[in-house]
1. Would it be correct to say that Val59 is at pLDDT 95 or above, under 30 Å from Ile25 (Cα atoms) and surrounded by 14 or more Cβ atoms within 10 Å (Cβ to Cβ)?
2. Suppose the filter is modelled with pLDDT under 95, exposed (fewer than 13 other Cβ atoms within 10 Å of the Cβ) and under 23 Å from Gln39 (Cβ atoms); does Gln73 pass it?
3. Output the residue which, of all residues in the range 1-40 that are of a type in the set (Val, Ile, Thr) and more than 17 Å from Val53 (Cβ to Cβ), is modelled with the lowest pLDDT.
4. Check the range 20-29 and report whether any residue there is in contact with a helix residue (DSSP H, G or I) (Cβ under 8 Å, 6 or more places away or on another chain) and either open to solvent by less than 40 Å² (accessible area, probe 1.4 Å) or over 29 Å from Arg100 (Cα atoms) (or both).
5. Kindly list the number of the only condition in (1) open to solvent by 40 Å² or more (accessible area, probe 1.4 Å); (2) touching a residue at least 12 places away in the same chain (Cβ under 8 Å) that fails for Lys93.
6. I'd like to know if the range 37-44 contains one or more residues that are more than 18 Å from Ser78 (Cβ to Cβ) and among the β-branched types (Val, Ile, Thr).
7. Kindly evaluate Ala47 against the criterion of being out of contact with any Asp or Glu (no Cβ under 9 Å at 6 or more places or on another chain), on the phi < 0 side of the Ramachandran plot, of a type in the set (A, V, I, L, M) and open to solvent by 30 Å² or more (accessible area, probe 1.4 Å).
Amino acid sequence: YGKQAQVDLINVEDKAARAKEAAAIGAHIIGIHTGIDQQLAGQTPFADLAALVALGLNVKVSVAGGIKQSTVQQVVQSGPNIIVVGGAITGSKAPDVSAREIRELVDAASGGSAGGGLFGWLKKLLGM
């Protein structure tokens, strides 16, 4: 049906082993996801993201959890295909401004190459 399946590795201890298994059985996307409880304990998705990308699996990589204006460029440079930004937008007093800022930071970090795919929908929404 032209759909893709994502495996989310939130709270998985051996992420590398599970990612390899998921790719082997046909997952299209493997996600690194740092939950809010982990974020409150000071964890970030960055080391796990780098380790997953380094595996070189034939899948798309997504990342979620703790991504905000001050971290999104580091995330982009780590090489995921999909970046999920939640609380930095939904928890903002001005979500439209936050979304626009994040979009501009993504463009700057990717050399403007994220236009059609990564955040194309957001660009349309914001009239950019």
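1. Working: at pLDDT 95 or above: yes; under 30 Å from Ile25 (Cα atoms): yes; surrounded by 14 or more Cβ atoms within 10 Å (Cβ to Cβ): yes.
In short, yes.
2. Working: modelled with pLDDT under 95: yes; exposed (fewer than 13 other Cβ atoms within 10 Å of the Cβ): no; under 23 Å from Gln39 (Cβ atoms): yes.
Judged against the criteria, Gln73 is not a match.
3. Step one: list which residues in the range 1-40 are of a type in the set (Val, Ile, Thr), which gives 7, 10, 12, 25, 29-30, 32, 34, 36.
Of the ones still in play, those that are also more than 17 Å from Val53 (Cβ to Cβ) are 10, 25, 36.
Details: Ile10: 96, Ile25: 97, Ile36: 91.
Among those residues, the one meeting the criterion is Ile36.
4. As a first pass, look at the range 20-29 and keep what is in contact with a helix residue (DSSP H, G or I) (Cβ under 8 Å, 6 or more places away or on another chain): none.
No, the conditions are met nowhere in the range 20-29.
5. If we test Lys93 against (1) open to solvent by 40 Å² or more (accessible area, probe 1.4 Å); (2) touching a residue at least 12 places away in the same chain (Cβ under 8 Å), just (2) comes out false.
6. Keep residues of the range 37-44 that are more than 18 Å from Ser78 (Cβ to Cβ), which gives 37, 40-42.
Adding the requirement that they be among the β-branched types (Val, Ile, Thr) leaves none.
No, every residue in the range 37-44 fails to be more than 18 Å from Ser78 (Cβ to Cβ) and among the β-branched types (Val, Ile, Thr).
7. Numbers: out of contact with any Asp or Glu (no Cβ under 9 Å at 6 or more places or on another chain): yes; on the phi < 0 side of the Ramachandran plot: yes; of a type in the set (A, V, I, L, M): yes; open to solvent by 30 Å² or more (accessible area, probe 1.4 Å): yes.
In short, yes.
The values are calculated or read from the model by the stated rules, or taken from the named source; none is laboratory data. Please read these numbers as outputs of a predicted model, since none were measured by experiment. For neighbour counting, all protein chains shown are included, and Cβ atoms are generated from backbone atoms with ideal geometry for every residue, glycine included. Accessible surface areas use protein heavy atoms only, side chains included; no ligands, DNA or RNA. Shrake-Rupley method; radii C 1.70, N 1.55, O 1.52, S 1.80 Å.
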